[in-house]
Amino acid sequence: MCGIVGAIAGRNISAILLEGLKRLEYRGYDSAGMAVYSAETELLDHVKRVGKVAELEAGLEEHPLPGHLGIAHTRWATHGKPEARNAHPHLSSDRIAIVHNGIIENYVALKEELIAEGYTFISDTDTEVVTHLIYRAVAKGSSLEQALRETVERLEGAYALAVIDQQQPDRMLATRMGSPLVIGVGIEENFIASDPLALLQVTDRFIYLEEGDLALISQGQIAIEDGSGNLAVREIKQFEHGHGTADKGEYRHYMLKEIYEQPAVITNVLEGRIHQGQVLEQIFGSNASELFDQVKMVQIVACGTSYNAGVVARYWIEKLAGIPCMVEVASEFRYRATVCMPGTLFITISQSGETADTLSALREAKEQDYLGFLSICNVPGSSLVRESDLSLMTNAGPEIGVASTKAFTSQLVALMLTALILARRNGYAEEEQMVANLQQLSALCEQVLALDPAIQKMAEHFVDKHHTLFLGRGTIYPVAVEGALKLKEISYIHAEAYPAGELKHGPLALVDEDMPIVAVAPNNSLLEKLLANLEEVRARGGKLFLFADSKAQVKPGDDLELITLPDVPTVMAPIIYSIPLQLLAYYVAVLKGTDVDQPRNLAKSVTVE
């Protein structure tokens, strides 16, 4: 995703803006730019560069932008290629400058209207439309605040906007709808950003703008109006997690911190992607709709945790969209003869976007007749994203623990958005309800995290064990696989997962008092069958550890430890039920004294074959 930084102060803010962009690089950086008002020349000047923020920094060394008012931006292309002319900030008549996150759905009609009035466009972006609309209003006599309000009333889609006016250098305006924006509160200086991390070098006090808010920001004052134009009071909050994601804060390990970040991460995945109960198609790229219209089949390729997320997505895509979906481990896919069916969308999933096998699979697939290539990724500037036709960022933020946690759940949410877009083509009628379910997930995550003490106690039963069996059915089977992966990664206990229906086809031979069996049992159509499978385990002296829905009607006993999870919409269960398995693996590893964040033999990003 793109990143916004803005500042108004009594000191030179150019270096502050640049540092803010560096802190937002993980969100997207195919191009970057800065616009600053110079009191000396009484003009707005700007510098834009294609590439990473380092390129912009070099440009600023050649052409410095000193000043007390300015805005800056890192862009990941949605409308128009990564070129300097498409980079933000966008200017109109060298008077109005804006930066924008999000997507303006109706920009084509607005652009045609402006062209008819004689406005010239130099970019391919949707953002330039907003710049000209604001300029047109102020040129006709509206105040900057009126102009911005009039403009956003005409916009359809998601946006976070920051605006400065060469003729009003004592203020900066900001507004948001569907994309995050915060105000950093200083002493006789104030700032804005799309993420508090961008501003921690200058302040740790923030105002989080709400949907529809419009803020007028000067050096010594912040005035906020709500969506109805009424004055609003927004609480100033202290940033509590130290200076950046490299700080564990109050947590013993990064992994635990990242597990606890998942409610916020899920919110981040949805920010700017939903409008009036529907998923915005343009979040995938400028030509997404045209490509999705032609999809008849999906091929997913990934490794490790990302592969497990892809297996969950297969269930969703086939159920909701009604089209075939295949999932394969990248290292296997690239070394066998494959058949590409007409109309197949090739989806890659990777936290880093640099996974060697996944990248190679993508490159080899490009030699075949796939319809198009979509990447689900957490790093906007990665090779995987650059080499794909479409992309969807998971917005999980940097994940430092080697064992993936928040990256997994964010991938699942992103894949559900993808499934809903595909389902729309098949006449799926429940998208609005599904979106409502997605918006409940953060609160459900908080309820699961409240079970931490019970899970920590359960972990004591695993410390002296050498093997563990995980069971699940349907969409929960790949969640069980992911749970087994987490346990083996960080506790070094051998663990494997099976579909519960496969117990009698071999794994029952392993069941005895020394083999813990972890079962995951949400309330779905397979619950009764799963419970019957578990009785097979109990009958053979196995010790069960069950994560179940309240409707499972299972009572704990000497041979069964039970943790009851909150009621979850059935289709969303994989996202919620993955969290207690992460906590279980974490606490087992802590009790065993292993290196939780950097387990032996493993690396965070697998960039070699």
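Here, each number is a calculation from the coordinates, and none is a lab measurement. Predicted, not measured: the structure shown is a model, and the values here were computed from it. All Cβ positions, even for glycine, are placed from backbone atoms using ideal geometry, and neighbour counts span all protein chains on display.
Placing a label point 7 Å from the Cα of ALA454 along the Cα-to-Cβ direction, the residues of segment 529-566 whose backbone N falls under 11 Å of that point are 546-550, 556, 562-566. With K and R counted +1 and D and E -1, the other residues having a Cβ less than 15 Å from that of LEU584 yield a net charge of +1.
Spacing of the modelled spin labels on TYR335 and ILE236, each 7 Å from Cα toward Cβ, amounts to 6.0 nm.
Highest mean packing first, where packing is the average number of other Cβ atoms within 10 Å per residue, the peptides 114-124, 420-430, 250-260 line up as 250-260, 420-430, 114-124. Other residues lying with their Cβ under 13 Å from the Cβ of GLY212 contribute a combined charge of -3, Lys and Arg counting +1, Asp and Glu -1. Couplings for segment 304-317, taken from phi via the Karplus curve 6.51 cos²θ - 1.76 cosθ + 1.60 with θ = phi - 60°, read x, 4, 5, 5, 4, 4, x, 5, 4, 4, 4, 4, 5, 5 Hz in order; Gly and Pro are left as x.
So what J values fall out for segment 53-61 if you push phi through Karplus, 6.51 cos²θ - 1.76 cosθ + 1.60 with θ = phi - 60°, rounded to Hz, Gly and Pro as x? After applying 6.51 cos²θ - 1.76 cosθ + 1.60, I find 4, 4, 5, 5, 4, 5, x, 6, 5 Hz. Counted over the chain, the DSSP beta bridges are approximately 60% antiparallel. Between LYS296 and GLN447, the FRET efficiency from the beta-carbon distance, with R0 = 45 Å, is close to 0.70. Only Cα pairs under 8 Å and 6+ residues apart enter the sum, and on that basis the relative contact order of the chain stands at 11 percent. Put a dot 7 Å past the Cα of ALA15, heading toward its Cβ, do the same for ASN106, and the two dots end up 4.6 nm apart. Once you have a ≥ b ≥ c as the square roots of the Cα gyration tensor eigenvalues for segment 43-115, tell me rounded if a/c is under 1.5, and otherwise prolate or oblate according to whether a/b is larger than b/c. Oblate, because a/c is 1.5 or more while a/b does not exceed b/c. Applied to segment 257-269, the Karplus parametrisation 6.51 cos²θ - 1.76 cosθ + 1.60 on θ = phi - 60° returns per-residue 3J(HN,Hα) values of 4, 6, 4, 6, 7, 4, x, 5, 5, 4, 4, 5, 4 Hz, with x for Gly and Pro. Zone of ARG540 (label point 7 Å along Cα→Cβ, backbone N under 18 Å): which residues in segment 446-470? Counting only backbone N, you get 466-470. Between amide H atoms placed 1.01 Å from N, distances below 5 Å from CYS340 occur with no residue 5 or more places distant or on a separate chain. Computed over the alpha-carbon pairs of segment 254-592, the distance histogram in 20 Å steps reads 32, 57, 10 percent, short to long. Shape of segment 3-238 from the C-alpha gyration tensor: rounded (a/c under 1.5, with a ≥ b ≥ c the square roots of its eigenvalues). Tell me, how many Å apart are the Cα centres for segment 310-381 and for segment 41-118? Each part reduced to its Cα centre gives a spacing of 34 Å.
For the chain, the 222 nm mean residue ellipticity estimated from helices alone, with every DSSP H stretch of n ≥ 4 adding -39500 (n - 2.57) and the total spread over all residues, rounds to -10000 deg cm²/dmol. Using the Cβ of LYS48 as centre and a radius below 11 Å, the other residues enclosed give a net charge of +1, where K and R count +1 and D and E count -1. You can think of it this way: the chain between SER218 and ASN601 has 132.6 nm of extra reach, that is 0.36 nm per residue less the Cα-Cα gap. Near the amide H of GLY372, within less than 5 Å, lie the amide hydrogens of PHE346, all on another chain or at least 5 residues away, with H placed in the peptide plane. Our estimate of slack between GLU113 and ARG386, defined as 0.36 nm per intervening residue step minus the Cα-Cα distance, is 95.0 nm. Distance from the C-alpha centroid of segment 176-202 to that of segment 120-154: 23 Å, rounded to the whole angstrom.
Partner lysines whose Cα lies under 23 Å from the Cα of LYS543, excluding those fewer than 8 positions away in the same chain, are identified as LYS457, LYS465, LYS486, LYS488, LYS504, LYS529, LYS551, LYS555, LYS592.
Segment 506-520 and segment 526-587 have their alpha-carbon centroids 14 Å apart.
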